[in-house]
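What follows is calculated from the coordinates using simple rules that are stated; it is not laboratory data. None of the values given here were measured: they were computed from a predicted structure. Reconstructed Cβ throughout: ideal geometry from the backbone, glycine too, with neighbour counts over all protein chains shown.
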Amino acid sequence: MPQRLRVSAWTPLCWIVFPRYDAGVETSLIPVGAAEGLRRLLSDALVLPELLDCDKVARLISWVRGRRFFELPFSSVDEACV
């Protein structure tokens, strides 16, 4: 069993992973560009708590630049969690 990481309330978010189950696919971690990562985040956000104005969009883009995005296709949950 892999060791679990302990995360404190102050651990910065560095990676955003988009898991995708696909029967029979080999588990792999595939880098995704920042623009595509932002597009995926916004497409998955059903309802934003506030409307996005120019300042909020600028802050969101700035925040995205400090993150790395990945796609995680998998067919085995055990492999995906390692």
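Things to note:
- In sequence order, segment 51-62 has phi-based couplings of 5, 8, 9, 4, 5, 5, 5, 4, 5, 5, 5, 4 Hz under the Karplus curve 6.51 cos²θ - 1.76 cosθ + 1.60, θ = phi - 60°, and Gly or Pro positions carry x.
- A Förster radius of 25 Å combined with the Cβ-Cβ distance from Cys81 to Ala34 puts the calculated FRET efficiency at roughly 0.50.
- Among (1) 29, 25, 10; (2) 27, 17, 12; (3) 36, 12, 8, the entry that matches semi-axes √(5λ) of the Cα gyration tensor in Å as calculated here: (2)
- Within a Gaussian network of the chain (alpha carbon springs, distance under 10 Å), most fluctuating of Leu72, Leu38, Leu13: Leu13
- Using a Förster distance of 35 Å, the FRET efficiency for Thr27-Arg65 (Cβ separation, nearest 0.05): 0.80
- Within the chain, longest stretch clear of exposed GluC sites (Glu not before Pro) (DSSP loop, no more than 14 other Cβ within 10 Å): 51-82
- Potential lengthening between Trp15 and Leu52 on full extension [0.36 nm per residue; Cα-Cα distance subtracted]: 11.0 nm
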